[in-house]
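Any read-out appearing in this document is the output of simple, stated calculations on the displayed coordinates, not a laboratory observation. Note that the structure is predicted; figures quoted are calculated from it, not measured. All Cβ positions, glycine included, derive from the backbone under ideal geometry; neighbour counts span all protein chains shown.
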Ligand code: GLA
């Protein structure tokens, strides 16, 4: 028994358990199983991936939860007033339902990928506070209402905190027209729409001390006012250079003290540094180097160690995209610069980093 690694033992017992109901040959073990006693492991998808045989097989083998990468964002699901484009989002919810996957909803109130019409009364004239609030309510309640009972958690407000040192809230159209209380209103409308859904505030750079402190203050004040907020989403667009273990641990411990749940909502580990914009890099033939691979393995291993240690505070970990075949980071912050941020390579094969987090 001594040579069994703990994860192997857990997996073995779980395999026995599922084999009672299923043939051993047809069940494929994946991340969802390695982490089954920890937290659900999810992935952000587009409807097209669900139609691709190889990608959909990978999704079903590895993941237990889905997030729509884009198709539930306001610009895509509600392109003009009263006009909803449900079909792409419905494909994702139908696939999840057919395969018993959980679904996180993303996202209801955001400064980006939100059409102008939300903020205009007529061409060029800004909407009044009342009009913007009624549109926000309408949007949230129609979208959540359609998927009530199917989507267990929603990113209600995304990225409301400013990155500027001197500013607290981002001066978005929502903020400028409605004022700072647009945030609590969004949560109230969401709670009315589905009282059983878990409601999240979601943001990036939460592990950075200054921004994390502002986000903490926001959630603390919402809680003090009795606003129905249940969780913080750490987007976790990280890199092989950051965060370090102490920043990550400090952040998780700190937010868990607020009495809310924590989910990692958009995880990827870029092989480049932050907002790197070195033109030479774009021209160079871009491959996944041994050095990047080594650092990425180390980073994935470290963050999952922290996640497992804090499993009582963390209720979900979602990767942003499926494999290195396609990532939003291939075009951000630099267009056409290939990145390799995920656990599966361009042929959908498990990378070495995968085994570091599956077999700890
Ligand atoms: C943010 C958003 C996501 C997505 C990513 C990039 O993190 O929350 O919806 O747009 O940027 O794909």
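Relative to the longest principal axis of the Cα atoms of the chain, the long axis of helix 53-62 lies at roughly 80 degrees.
Using the alpha carbon gyration tensor of region 87-216, what are the three equivalent-ellipsoid semi-axes (square root of 5 times each eigenvalue), largest first, in whole Å?
They are 26, 20, 13 Å, listed from largest to smallest.
What's the long-distance tail for region 87-126, i.e. % of Cα pairs beyond 14 Å? Every Cα pair in region 87-126 considered, those over 14 Å come to 63 percent.
Write down the Å³ per residue value for the convex hull defined by the alpha carbon atoms of region 40-100.
76
Label 7 Å along Cα→Cβ of residue 170; region 327-348 residues with amide nitrogen under 18 Å? Only 328-329, 332-334 pass the distance filter. Note on 265, 251: ascending count of other Cβ atoms within 10 Å places them as 251, 265, the fewest first. For the chain, the C-alpha radius of gyration sits at 1.00 times the compact-globule guess of 2.2 N^0.38 Å, with N the residue count. Exposure proxy shown here: for 232, 334, 177, the number of other Cβ atoms within 10 Å sets the order, fewest to most, as 334, 177, 232.
Stick to the Cα atoms of region 217-350, pair each with every other, and give me the Kirkwood hydrodynamic radius in Å at one decimal. Taking the inverse mean of 1/r over all distinct Cα pairs, region 217-350 comes out at 16.2 Å. In region 191-262 the Cα-Cα distances spread across 5 Å bins starting at 0 as 3, 16, 27, 24, 14, 9, 4, 2, 0 percent of all pairs. Across all Cα pairs in region 312-360, the calculated P(r) in 5 Å bins from zero up to the longest distance comes to 5, 20, 21, 22, 16, 10, 5, 1 percent per bin.
Residues within the reach of a label modelled at residue 217 (point 7 angstrom out along Cα to beta-carbon, backbone nitrogen below 17 Å), restricted to region 251-268, are 255. Angle, helix 182-193 long axis vs. longest principal axis of the chain, Cα atoms, 0 to 90°, nearest 10? Tilt of helix 182-193: around 70 degrees.
How far, in degrees from 0 to 90, does helix 290-309 lean away from the longest principal axis of the Cα atoms of the chain, to the nearest 10? Value to nearest ten degrees: 70. Entry note, region 61-199: relative contact order of 26 percent, from Cα contacts under 8 Å with a spacing of 6+ residues. Shown for 41, 219: other C-beta atoms within 10 Å of each C-beta, ranked fewest to most, produce the order 219, 41.
Can you give me the relative contact order of the chain as a percent, contacts being Cα pairs under 8 Å and 6 or more apart? Relative contact order comes out at 16 percent. Over region 140-246, the ratio between the Cα radius of gyration and 2.2 N^0.38 Å evaluates to 1.13. Put a dot 7 Å past the Cα of residue 245, heading toward its Cβ, do the same for residue 97, and the two dots end up 4.6 nm apart.
Counting only the Cα atoms, region 97-158 fills a convex hull of 98 Å³ per residue.
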